[in-house]
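Take a look at the structure below.
No lab work stands behind these numbers, since they all come straight from the coordinates. This one's a predicted model, so the numbers in the text were calculated from it and none came from an experiment. Don't worry about glycine lacking a Cβ; one is built from the backbone with ideal geometry, like all the others, and counts go over all protein chains shown.
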Protein chains: 2
Amino acid sequence: MKKVLILIGKSFEDRELIYPYYRFQEDGYGVEVVGSSAKTTYIGLHGMPWETDVGPNDVKVDDYEAFVIVGGHAPDKMRQDPALVKIVKDAFDTGKVVGAICHGPQLLIEADVLRGRKATCYKAIVTDVKNAGAVFEDKQVVVDGNLVTSQHPRDLPVFVKSMLELLE
Amino acid sequence: MKKVLILIGKSFEDRELIYPYYRFQEDGYGVEVVGSSAKTTYIGLHGMPWETDVGPNDVKVDDYEAFVIVGGHAPDKMRQDPALVKIVKDAFDTGKVVGAICHGPQLLIEADVLRGRKATCYKAIVTDVKNAGAVFEDKQVVVDGNLVTSQHPRDLPVFVKSMLELLE
C-alpha cells in the first residue's frame, strides 16, 4: 500500500492534521503520523488529542510517497528535533512530494531546503522564509517541483488537491 | 455555485465537521454551516470552536445539493430544535442527498425518515435506529437511495466519498 507520513508535534493545528489524514485515505493511501516519539499523544492548538503511530527511528523515507508538515505551534517544536529535520532533508534529497502549510515551512527552513524555491507560508514567518532563500509568493498554494506550500487552514482543499495531483 | 449544508450544535464531533467542510470545497461546492442560530460559535467535543454561517430561518432547502449531519453530542441538541428537524424532513421530501455519521442518525429518527431504510450509526444508538424502523447494517457506510450513514470518525473517507458519488 502506498503511504503518506504526517509530521506533528505539541500544539499542531488540528484542521491541518485532520483534513490530510482522512483525505489521503480516501484516495487509498495508508496514512501514518510521526512525532518526536512513537505512541505519544499530542494535543492540538484547539484541543484535539492525537496519538503518533511511529517515531523518527521507525521511519524509512523510501516507504512513503509524500510527507505533510502540519502547522500551528508544532513546527516550532519539531524544528528542534534533529531526527524530524533529517526526515524532511531525506524526503527532499530523494524527490518525494512534500507539503507544508501555515507554520510548517519552519521545518523546511531548518532543513535548509528552501534556497531558490518558490514557496508560501503563514504571514508571521514570511521574513524567515525569505531569509532562508525562498522566493515568497503570496498565494493560497504554491507548487514548485515536488514542494507544495500553503498559508492557512482555509487553503486545505487546494493544498491537499495539489499534493494529490503531483502524486498521480 | 452548488452548495452543501452542514448541521452542527454544541459538542459536535470536531473531525466529522472538519473533514466534509473542506472535502466538499475541494470538489467545488460552497459549504455553509447551520446551527440553531446564525453567527453562533459552538465548541466541538474536542475543543474546536466553529461559528455557524446561517440559522434555520435563512435556509432554503432547495438551495443545497446535500446535507451533512455531524455526530458527537450535537445531534442530541439538534433534535430538540424543530426548525433543524424540519430542514432534515424537507431535505428527504425533496430527494436531496443526506449524510449522517456517528450520532447523526438521532436527527433522522426525530424527523421520522428512517422507516424501511437501510442505515448504520454509532453503536450506542443502534437500538434507537432499529426502533425508528430502519434496517440496521453493521458496516462502515450504508447507502440507501439518497441516504448515506456511517458509524465513526474513522469512516469519514468512505462516508464523504459515498456522498460525492451520489452527487455526480
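Structural remarks
- Remark: mean inter-chain Cβ contacts per residue of B:152-159 equal 3, using a 10 Å Cβ-Cβ cutoff to other protein chain atoms.
- A convex hull fitted to the Cα coordinates of the range B:3-167 yields 91 cubic angstrom per residue.
- Site pair A:Ala38 and A:Val135 shows an inter-label distance of 4.2 nm when each label is modelled 7 Å from Cα along Cα→Cβ.
- For the range B:1-108, lysine pairs with C-alpha atoms less than 12 angstrom apart, excluding pairs fewer than eight positions apart on the same chain, total 4.
- Local net charge near B:Asp81, Cβ-Cβ under 13 Å (Lys/Arg +1, Asp/Glu -1): +3
- When shorter helices are ignored and each DSSP H run of at least 4 residues is given -39500 (n - 2.57), the per-residue value for the protein assembly as shown at 222 nm works out to -9000 deg cm²/dmol.
- Each copy carries B:Asp112; placing its label point 7 Å along the C-beta direction from Cα gives inter-copy distances of 7.2 nm, listed from smallest up.
- Assuming charge only on the beta carbon of Lys and Arg (+1) and of Asp and Glu (-1), the dipole of the range A:46-107 about its Cα centre is about 260 debye to the nearest 20.
- Using a cutoff of 8 angstrom between alpha carbon atoms and counting only pairs six or more residues apart, the relative contact order for chain A works out to 20 percent.
- Average partner coverage of B:34-47, which counts Cβ from other chains inside 10 Å: 2
- Sum of side-chain charges, B:Gln106 neighbourhood, beta-carbon under 11 Å (Lys, Arg +1; Asp, Glu -1): -1
- Taking the label point 7 Å along Cα→Cβ, A:Lys2 and its counterparts in the other copies are spaced 2.3 nm apart, in ascending order.
- For the range A:31-44, Karplus couplings with θ = phi - 60° (6.51, -1.76, 1.60), whole Hz, Gly/Pro x: 10, 10, 10, 10, x, 5, 9, 6, 6, 10, 9, 9, 9, x
- Trypsin sites (Lys or Arg not before Pro) restricted to the range A:61-123 and DSSP loop, no more than 12 other C-beta within 10 Å: A:Arg115
- Of B:Met163, B:Val113, B:Thr41, farthest towards positive along the dipole that unit charges on Lys, Arg, Asp, Glu beta carbons give chain B: B:Val113
- Net dipole in debye of the protein assembly as shown [+1 Lys, Arg Cβ; -1 Asp, Glu Cβ; about Cα centre; nearest 20]: 280 debye
- Computed magnitude of the charge dipole of the range A:43-153 (debye, nearest 20; Cβ of K, R +1, Cβ of D, E -1): 440 debye
- Put simply, when A:104-110, A:37-43 are sorted by average Cβ atoms within 10 angstrom per residue, most first, you get A:104-110, A:37-43.
- In this structure, the amide hydrogen of B:His103, modeled 1.01 Å from its nitrogen in the peptide plane, lies closer than 5 angstrom to those of B:Gly71, B:Gly72, B:Tyr122, counting only residues at least 5 positions away or on a different chain.
- Inter-copy label distances at B:Lys60 (7 Å, Cα→Cβ; nm, one decimal): 5.9
- If both residues of a DSSP beta bridge must be in chain B, then about 30% of such bridges are antiparallel.
- The protein assembly as shown: mean projected area of Cα convex hull, nm²: 16.0 nm²
- Average beta-carbon neighbours from other chains, 10 Å sphere, peptide A:21-29: 5
- Taking a ≥ b ≥ c as the square roots of the eigenvalues of the Cα gyration tensor, the range B:1-45 is classed as oblate, since a/c reaches at least 1.5 and a/b does not exceed b/c.
- Think of the axis that spins chain A onto B; the A residue whose C-beta lies nearest it, and the distance in whole Å, is A:Gly47, 1.
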